[in-house]
Amino acid sequence: MTQRISRGMFFAAAACAMAPLLFATIVGCGGPTPGEPELTNVDLVFGSVTSVSGAAEDGDPERWAALFATGAAPSDADRPKYATLGFGGDSEKATVTGDTAKATITVTNADDGSVVGEVEWEFVKEGETWKIKSAPLP
């Protein structure tokens, strides 16, 4: 005995079978986008550097503490100093050794962009996240 499948049932079954492929094509598999370079440890280290001013300015203690290694966040009294400055650096001057890193950070005045000085910051990887271990100001 043969069963006949209606055209509608055939297309419904085909759509269900193709849905995972279509989803993977649209959403991706979580890897880097083709043509975009994968982020390096140095990129990830500098990601925390560029967030310091905003985190200091918005006053959210959890956001502030999340940038720093456990117990390493500057005090609440010092946080406003970081809000008036900009932080950046040259990734060529950064060194990563295992789960620690050092980078020369250029500190600028947030109002006019003038360079205030350069300092060396230290970083540590906690789990899969790079955190600031030491962030002295000039």
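The values are calculated or read from the model by the stated rules, or taken from the named source; none is laboratory data. Not measured: the values here are computed from a predicted model. So basically every Cβ, Gly included, is an ideal-geometry build from the backbone, and we count neighbours across all protein chains shown.
Just a few scattered comments:
- Output for region 125-138, where each listed residue is of a type in the set (A, V, I, L, M, F, W, C) and surrounded by fewer than 19 Cβ atoms within 10 Å (Cβ to Cβ): 137
- Any hit, region 9-16, residues being surrounded by 10 or more Cβ atoms within 10 Å (Cβ to Cβ) and modelled with pLDDT of 60 or more: no
- Residue check, residue 30 at pLDDT below 70 and on the phi > 0 side of the Ramachandran plot: yes
- Residue count for region 92-104 satisfying the condition of being among the β-branched types (Val, Ile, Thr) and over 17 Å from the mean Cα position of the chain (by Cα): 3.
- Scanning region 58-82 for residues that are surrounded by fewer than 16 Cβ atoms within 10 Å (Cβ to Cβ) and either under 20 Å from residue 115 (Cβ atoms) or touching a His at 6+ places or on another chain (Cβ under 6 Å) (or both) gives a single hit, 81.
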